[in-house]
Amino acid sequence: MAGPDRGGHAGGPAPGGPPPRAGRADRLSLRSPRGPLRRGHRSQAASRVQGHTPGADRYVEREPGNDRDACFRPGRAPGFRRRLTQSVSNPTKHVVIVGGGIAGLATAFALQERAVEQGVSMRCTVLEEASEWGGKILTRRVGDLLIEAGPDSFLSQKPWGLELCAKLGLSDQLINTNEANKKTFVYSRGRLRELPEGLVVLVPTKLGPLLRSGLISKPGLLRMGLDLLLPARRSDEDETLGAFFRRRVGREAFERLIEPLMAGIYAGDAEQMSLRATFPRFAELERAHGGLIRGMLAVRPGTGAAGGRLGPSRSMFVTLREGLGEMVRALRARVEKEGAALQTKRRVEAIRVRSGQPGIWTHDLILHEGPPLAADAVVLATPAFVSAELVRPLSPSAGELLARIPYASTATVSLAYDAAQVRHAVNGFGFVVPRVEARALLAATWSSLKWSYRAPASQTLVRCYLGGVGREETLRGDDATIVRRVREDLARMAGLRAEPAYTEVHRWERGMPQYVLGHLERLDAITTSLSAYPGLFLTGAAYRGIGIPDCIRDGSETATLVIRYLTGGRVGTAKRA
C-alpha cells in the first residue's frame, strides 16, 4: 500500500450529492468520481532526467493531420460509422470532449456504447492540448526499466477499472502485486516498522499485532481501544478526517498510522479534508455499528478481490504488465476505431453558447488555432481550475466555485540501482512517512519488488513520492536538488546509500484535487449554477473520486446524461451513490 498510487487508492466510493431538486439539470455525474487545457499540467510534468538519455516515450501522440477535424477519416468505414449512417432521418449529434485523460477517454468510450444501444446518431471529438493522451497516466520505457511517472496501479475492489480492461481485451495483461514481498512499513520514531496484521483499509482491528509493531505506545493503544466504548456521533454534519479519527481512535493512532496511509492516497491535509467526500463509509460504519473498529470487523473483506465475473482473484491493487499506459493506448485505439476524432495540440480558449429551436443549444468552441468547432453538447474533462476559466463567461458563479476547488502539487522520483546494492534496504513493497516526522518523502515504493516486469533482475527500481498540502517546500529547487532530498531520506530511513545508476523526476503542479470540508456542497452549487446551460457537462477527478476506477465510472455516467440530453430527455438530479 506504500506509495502514492493516485490511480486508485481512494478508500471508498464517495457518497452521492444532496437530495434531488425538481427541474434542475445535473451538470455533474452524481457518483464517485485529464484534459487539454492542462496549463501547467502536462507541460510541467515532462520528465527531468539525469543519467543516460531515455528512449522515446512510447505513448507520444503524432501531430494531427489535416483530416483530423473530420469525425470519420476518408477510406475508413468502422462499424460505428456504418451504424450511424444508416439513419438519415435523425440528424447526427456532435459531442466534443475537452480533455484526453482517462476521464475524457472513458467518456468517449461510454458515449459510443450508449449511442449504439439507444440508436442515437452521434459523432464525437476529443480535444487534448498536450501531445500525449492519458493525462496523469504516463508510462515510460527507459532501456529495460518500466517507469510510471503518475499512478502505478488501481484499486481492484472498485470494479470499473477491471470492467473497462475486460471490454478492451486487456484482462490477460493484468498482474497482481508480488506475494513474496507483501510487507509494507511506516517510518516512525527513527526506524521502519512493519504495518501490523489486521489493518483493514486504514483502520487497525487487532491490538496485539499493533502493540508488537511499536508504531503506537501503550497509552496510545488504550486510547484507541476506547473506540469500542465511545458512543456513535449523532450528528450527520460533515467533519474533517482529522477530527473524525482523533475522536474515534485518538491523536497518536491518527498521526502515526492513519494519516501517512491517507496522505499516500490524497497528498492532502487531513485537518482540511471532508470525511463525507473522501471516506463516507467510515461515518456509515460508525452509525451502523456504534464505532469504527467494530464496524470494520463486521465488514472485513476476504483475501481476494473482484473475482468471479471479472476473472481470477485479484490483489487489492492491480496494474498492467506493460504499465497503465497500455490502458490509455487501447482506449484511444478503440474510440478512434469506432469513429471518434482524436486531436492533440488543440487548446480551447472559450465556449460560446447560442440557442436555436426551443431547448436546443449550439456550443461554439473557440480554439487557439483554426476555426470554431460547433457542438451539440460539450463535456469538460479538464482540471477544475481549467474548467473554471471556460465556464466563467457563461456562469460567473460556477466559474468561481470551480476555481475554489484546491489542488496540491506533487512529484514522483524514480531511481534505478544495482540490485546487489539494495538487497539489505527493505524486504517489502515500501514505506510511508507520517507528517509528524517532518521529512521530504511522503512514501517510497520498491517498484520492481512490488510488480513484475518493471526492471531486470540485475536492477532494483525505486519510486518515491513527495509534495502535497503543507509540504510544497520539498518541491523547490531543480531536479538535482529534489533527487538529493530523496536520497537523504532513503539513506536515513532505509539505509540505502548507494549511488543510483539512473534517476528521473516528474513534477505534477496542481495535480491532485483536494476534497476539503464543504466539497459536496460546492458540487451541488456548481450544478445549480450551470443549470441554465443543459448541454454543458463536467467530469473528472476533481469531483467525486480521484482514482482511475472512479474517473472511469464518472465518465460512464456522464455519457448517460449526455445521451439523455441529446435525445430530449430531462437530465435528472437523482442521487446515485
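No value in this document is a laboratory result; all are computed from the given coordinates. In this text the structure is predicted, and so the values were computed from the model without any measurement. Neighbour counts run over all protein chains shown; Cβ positions are idealised from the backbone, glycine included.
For the reader, a short list of remarks on this structure follows.
- In terms of surrounding Cβ atoms within a 10 Å radius of their Cβ, Ile360, Ile258, Ile552 rank from fewest to most as Ile360, Ile258, Ile552.
- Net charge dipole size for segment 407-513 [Lys, Arg +1 and Asp, Glu -1 on Cβ; Debye, nearest 20]: 240 debye
- Label point distance in nm, Asp144-Arg294, each placed 7 Å from Cα along Cα→Cβ: 5.6 nm
- Neighbour counts of other Cβ atoms within 10 Å put Met327, Met224, Met316 in the fewest-to-most order Met316, Met224, Met327.
- Student exercise, segment 198-298 dipole from Lys, Arg, Asp, Glu Cβ charges, in Debye to nearest 20: 480 debye
- Residues with amide H under 5 Å from that of Leu442, placed H, sequence gap 5 or more: Tyr465, Leu466, Gly467
- Scoring 209-222, 160-173, 498-511 by mean Cβ neighbours within 10 Å over their residues and listing the highest first yields 498-511, 160-173, 209-222.
- Using the Karplus relation 6.51 cos²θ - 1.76 cosθ + 1.60 with θ = phi - 60°, the per-residue 3J(HN,Hα) values for segment 526-543 come to 5, 4, 5, 5, 9, 5, 6, 10, x, x, 10, 10, 10, 8, x, 6, 6, 10 Hz, with x marking Gly and Pro.
- Pairwise FRET efficiency - Gln173 versus Ala232, Cβ, R0 = 60 Å, nearest 0.05: 0.85
- Cα lying deepest toward the dipole's positive end in segment 407-513, options Ala444, Pro434, Gln459, charges on Cβ: Pro434
- Nonlocal amide H pairs with Gln459, under 5 Å, H built at 1.01 Å: Ala419
- Amide hydrogen neighbours beyond the local backbone of Ala374, cut-off 5 Å, H modeled: Leu365
- Using θ = phi - 60° and Karplus 6.51 cos²θ - 1.76 cosθ + 1.60, couplings along segment 275-291 (whole Hz; Gly, Pro as x): 5, 5, 8, 10, 10, x, 4, 4, 5, 5, 5, 4, 5, 7, 10, x, x
- As a rough guide to protection, the peptides 192-198, 290-296 ranked by mean Cβ packing within 10 Å, highest first, stand as 290-296, 192-198.
- Centre separation in Å (Cα based) which lies between segment 393-417 and segment 496-512: 21 Å
- Val413, Val422, Val353 arranged by Cβ crowding within 10 Å, fewest neighbours leading: Val353, Val422, Val413
- Calculated from backbone phi, Karplus (6.51, -1.76, 1.60) coupling profile of segment 222-238 in Hz, x at Gly/Pro: 4, 5, 5, x, 4, 4, 6, 10, 5, x, 6, 5, 8, 6, 8, 5, 5
- Segment 198-298: relative contact order in percent, alpha carbon pairs under 8 Å with at least 6 residues between: 35 percent
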